[in-house]
Amino acid sequence: GETIAEPYDRFTPSYSSSTPRALPSKEEMTSMYKIAWSKLASDMNRDPPTDEQVGRGILVQDWEVAVKEVFGWSDDPTEVYNIVVAYDQIVQKDYRDLLSRYNIDVDKIDEEQEEIFPEVQLKEGVKDWLNTLNEVELPVVVMSNLNSAQLDTILEATGLSSYFPPDKRVSSDNNYSDRSEYLGAALRVEQRPEKCVVFDNTPIAATVAHDVTMKCVSLVDHYARYELLTADFSVQDLRDINLVSLNKLFDERNDMDLELELDMYSGLKKEDRKVKTDFYDDDR
């Protein structure tokens, strides 16, 4: 699942609407973040981050980096990822509660009448790369920790909805675990896991992808290139990758089914050996 944009800007959301309305202030949003982190710290029996640390986390604009480098809670990529997911669950509920005070129901937003989109910015080269994949009929799916309504909103706001129809979207509403989320994505494109490539910008994505025998291409973004060494390779942005480099990911003999070969001396066919995985018993 390509990280197409910052997932639901949790730091400085902005809104536009044809109808003037009261909205949460910056101070209210900051307070909500602080409270959410304090709740999570209590659940995890940790010291809560200080106001200054939360403020620095907001400036960093990446909570995974904040957990690791600002809060100093963990250096383990898997633990950091799980911490941020737990925080997201808390803050999304609190955000809904905050908006409800302003009579805003995020489940009933009509984008044509009340454009309440988080300010998101599409990464360079995303549409060109998706167009290239479409031209050669390579199926794609998007994965996100957002719920389905939020993911739909992001895809509409970035003009990517047509690239990912509803049956090609994996969201938190699917209730997948980390590993099964990736396998669920593979099922949606009807491909075996070892024939799939994950595009992401975090170290944990490469780890999970390899755990389920997928390949991974990392985008150098919030993490430095040396922190993304677990990926099969990394690029500055999607303009640095093409179909040739993508194909090289699978250009290994042991990644492909061995074809039937004819023994020219005996006239007998050699045994057809199929590659099997831990996740699929049949070869489709």
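Quick note: the coordinates plus some simple rules give every number you see, no bench work behind them. Every value quoted in this text rests on a predicted model; they were computed, and no experiment measured them. Cβ placement follows ideal geometry from the backbone for every residue including glycine, while neighbour counts extend to all protein chains displayed.
Things worth noting here:
- Cα-based shape type of region 117-242, given that a ≥ b ≥ c are square roots of the gyration tensor eigenvalues and the cut on a/c is 1.5: rounded
- When each of the peptides 67-80, 126-139, 191-204 is scored by how many other beta carbons lie within 10 Å of its residues on average, the order from highest to lowest is 191-204, 67-80, 126-139.
- If you plug the beta carbon distance of residue 78 and residue 167 into 1/(1 + (r/R0)^6) with R0 = 22 Å, you get a FRET efficiency near 0.15.
- Prolate/oblate/rounded label for region 61-101 (Cα gyration tensor, a/c 1.5): prolate
- Fraction of C-alpha pairs exceeding 19 angstrom in region 116-172: 28 percent, rounded to a whole number.
- Computed FRET value (nearest 0.05) for residue 229 with residue 89, which takes r as the C-beta separation and R₀ as 35 Å: 0.70
- Gyration tensor verdict on region 33-76 (Cα atoms; rounded if a/c is under 1.5, prolate if a/b is larger than b/c, oblate otherwise): oblate
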